Every structure is written in C-alpha cells, then in structure tokens.
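As structure tokens, the structure follows; a few thoughts come after it.
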Amino acid sequence: MAHVLIIGAGGVGGVVAHKCAQAVKSGRVFDNITLASRTLSRCEAVAQSVTARTGVSLATARVDADNVAELCGLIRTVKPHIVCNVALPYQDLHIMDACLECGVHYVDTANYEPPDTAKFEYSRQWAYADRFREVGLTALLGSGFDPGVTNVFAAWVMRHKLDEVRVLDIIDCNAGDHGLTFATNFNPEINIREVTARGRYWEHGEWVETDPLAFSMEFDFPEGIGRKKCFLLYHEELESLVTNLNGLQRARFWMTFSENYLNHLNVLGNVGMTGITPVPFQGREIIPVQFLAALLPVPASLGSRTKGKTCIGNLMRGVKDGQKKTVYIYNACDHEACFAEVGSQAVSYTTGVPAMIGTKLIAEGLWAKPGVWNMEQFDPDPFMADLAEYGLPWQCVDVE
C-alpha cells in the first residue's frame, strides 16, 4: 500500500483527493493521503469534504512549492511513496528536484512553463530523464486529460484500432455554462496565457506557427452537444505525440470558446490586462494577467452553478489492414454530476481523475519504470479500464 502526497489544493487537487480517498475506501493501492498547499485553509476545506463524502480522513500541510528545501522537509516528514503535483506549472521543476533529493516518484498534469515567458514545452523536464533513471524513480508527465487521457487515447487506438495513423486532431469542447459574465474554468493566468499564445501544429515533419486563434472549424459533438466552433491552439501533448507516434503527417489541437469569452478576452488584451510583463503601479511592479486573475472567480467556486457537458477526444485517421480508416475516441462529462459526486465542475474533474489514475498505476507497479515518461509510452489498457471505473467512461466509434 502506498502513501500519496498531493501538492495543490485548487479545483483539481480537490478532485484528486476525493478520488484517492475512493481508492482507499475500496482497499486499493493507497493507505494514506496528505494534501499540501501554500494555503492551509484550502487543504482543510478539501479534507472536510473528503471525510464527509467518503468517510476517509487525510492529513493536511502547508508548503511553498517554489521552495525546494521546504518541499524536501515536508516529504521527509510525510514519507510518501509518490508525489502527485497539481500545483502551478511554474513549480514543476522545483517539485521534481525535491522528489529526486528525497527518493520518491513524481506525477504532474501539465508541463513546465517559466513564469516570465508564455511558452510551455517538455524539454526542461525531459532533461531530467537520466537523473530519475539513475536513482530508480519514475516521473510521469502530463497525467491530466489534455495532456494525459488524449495521449492514452492515441496509444490505445494505435494498439487496437489502427495499424498506422496519418492525421490526429485533438478536439476539446466545454459546453458548460456557469452563468457569469466572464470566468475561466481553470487557473485564470494559465488559461489566458495558453489561449493568447501563438498557435502551432505539426505538418509534414515540421511545426507551422499561426497567429492566436487564427484558424477555426466546426465540429458536431456527440452526447447532445451539437455543432460548435473550434479554434486551433498549440497544446503540449502534440510535442510528445509527434515524437512517439510513428507516421504522423499532421497533428492539431482544437478548443471551443463562446463569442462572449472571446469578446471579453479581446477587450482585456487590447487594454493590456492579459500581459505577462511587469508594469509599475503605485510604487511597485505588478503583472497584469496576475492582477486580472485575482479579480476573477476562483475556478473551484464554479461547480455549484455550472451546467452542461464537456466532450474531449481524438479524431484519428489512418490505415487498418491496408484500408483507410477514421476513428473518434472521446469522453463526455456532465458538470452537475461531477459536482454531486465531489463538489467540482467537470473541467477540474476531467483533470483530477486521470491524475489519480496515473499515480495509482505507478504505485501498483504497472507504470513504474525508472526515467521520465509521457503517458503514451506506457501500456494504455489498465489506464483505460480505470478511466471507466473512476468516473470517465469513454467511447470509440468508426467515422465514415
């Protein structure tokens, strides 16, 4: 049995804690859970919810995830087998350093991004591969939904549905409605940095850059969602998938946004509120997007008011038994059902469930392999089985 240390007590951290507690209650894998964050009161609120919903108790602690020495102190006190990092992506390297120093496995949901540059890439974390391998530790990168489940979807399709893949389109739709004028469904700063960055996709062996949100398409989503406009973005799972999926000729990532969201984002951008360069204000420097994030609703607070569904999946075109074939593999998740189960909206839920599953598979030894790995590099079958069991059932259909 394993002791898991969860770092981060936002919306995703709350889901991970509830799902780990469900595993504890069923007698599987985990026997102890510790939840740590910079803000202890958030940890305590999650712990109260977990106990009320599952009857499982978890320990809480305060930690500054930017401070490696403080992280090491906590890890040595708690003595976990594995750390599940659902803090900010700026903190990934600090937590990886602490895991190496203290000899524990590592899982995260998003790749490292430097605070002063809106550019996320795996190179800095992949550079840790030899260090983790030499000490016999596993680091699993991107165990959320996208990245994460979308990577595993691709690996599963390549094992069971296609012999070769030529075109991959990852399509992310949040058709939920929280009823507010403007809010983001996950960390506002990360969300806005991601959406306002230049687009990028893979075609014919090279990266092609675009202006932000310059390309769009319509897609008819299942589960009663219907047709929605999707915009091309760059997303980090493309970086690993074009490396690990042989034969890809084109790989793109798409996400839906409402006109209301885009209009507000354009206005905020035009007045400089989405910027990441410090500006002087009343004798001190502030970062505009961080100030904006402080004004917006906390994403974890949106669960009680959000209705509708998310639908995230892969449209994959390739060859099976010498014949052209296209498949669509996806999950649809209901916001209200998520809130009823764990007190979360579906965006946090679809990230937190796979974070727990990746952590579980390492703890069980099924995905324990020294080094630094992306999700598609492991056997997809046990992960796909756990997805259905822990609240994210999936479908794979042939597309004519």
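For the reader, a short list of remarks on this structure follows.
Residue-by-condition table, conditions (1) out of contact with any Ser or Thr (no Cβ under 7 Å at 6 or more places or on another chain); (2) assigned to a helix (DSSP H, G or I):
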{"residue": "V327", "(1), (2)": "yes, no"}
{"residue": "A340", "(1), (2)": "yes, yes"}
{"residue": "S344", "(1), (2)": "yes, no"}
{"residue": "Y349", "(1), (2)": "yes, yes"}
{"residue": "P354", "(1), (2)": "no, yes"}
{"residue": "G358", "(1), (2)": "no, yes"}
{"residue": "F383", "(1), (2)": "yes, yes"}
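- Filter result for L35 (farther than 26 Å from T350 by Cβ, assigned by TED's automatic domain parsing to the domain that holds T359, buried (at least 22 other Cβ atoms within 10 Å of the Cβ) and not β-branched (V, I, T)): no
- One residue alone among L392, L302, L296 is within 27 Å of R42 (Cβ to Cβ), surrounded by 23 or more Cβ atoms within 10 Å (Cβ to Cβ) and in contact (Cβ under 8 Å) with a residue 12 or more places away in the chain, and that residue is L302.
- Of the criteria (1) modelled with pLDDT of 95 or more; (2) surrounded by fewer than 22 Cβ atoms within 10 Å (Cβ to Cβ); (3) charged (D, E, K, R), which one D108 fails: (2)
- Members of segment 14-44 that are out of contact with any strand residue (DSSP E or B) (no Cβ under 6 Å at 6 or more places or on another chain), in contact (Cβ under 8 Å) with a residue 24 or more places away in the chain and part of a helix (DSSP H, G or I): G14, V15, H18, K19, A21, Q22, K25, R42
- Here the condition is being in contact with a Pro (Cβ under 6 Å, 6 or more places away or on another chain) and not basic (K, R); of L302, L265, L366, it holds for L366 alone.
- Selection within segment 154-166 - within 13 Å of N374 (Cβ to Cβ) and crowded, with 24+ Cβ neighbours inside 10 Å: A154
- Within the option set V342, V319, V327, being more than 20 Å from the chain's Cα centre (by Cα), β-branched (V, I, T) and more than 21 Å from D172 (Cα to Cα) holds for one residue only, V319.
- Filtering segment 111-151 to residues that are under 19 Å from K19 (Cβ atoms) and among the aromatic types (F, W, Y) leaves only F145.
- Options R200, R159, R193: the member that is within 28 Å of K324 (Cβ to Cβ), among the basic types (K, R) and touching a Phe, Trp or Tyr at 6+ places or on another chain (Cβ under 9 Å): R200
- When segment 257-279 is limited to residues that are under 16 Å from C230 (Cβ atoms) and among the hydroxyl-bearing types (S, T, Y), the one that is surrounded by the fewest Cβ atoms within 10 Å (Cβ to Cβ) turns out to be S258.
- Strands (runs of 3 or more DSSP E) completely within segment 220-319 that count 3 or more residues being under 30 Å from E164 (Cβ atoms): 226-233, 250-256
- Look at segment 187-198: where a residue is among the hydrophobic types (A, V, I, L, M, F, W, C) and a partner is modelled with pLDDT of 80 or more, sitting 6+ places away or on another chain with Cβ atoms under 6 Å, you get I192/T274; I192/V289.
- Among the strands (runs of 3 or more DSSP E) confined to segment 163-214, the ones with at least 2 residues that are of a type outside the set (A, V, I, L, M, F, W, C) and farther than 23 Å from P89 by Cα are located at 164-174, 206-210.
- Residue satisfying condition, being among the aliphatic types (A, V, I, L, M) and touching an Asp or Glu at 6+ places or on another chain (Cβ under 9 Å), within set V107, V86: V86
The values are calculated or read from the model by the stated rules, or taken from the named source; none is laboratory data. What you see is a predicted model, and the numbers here were worked out from it, not measured in a lab. Heads up, the Cβs are rebuilt from the backbone with ideal geometry, glycines too, and the neighbour counts pull from every protein chain shown.
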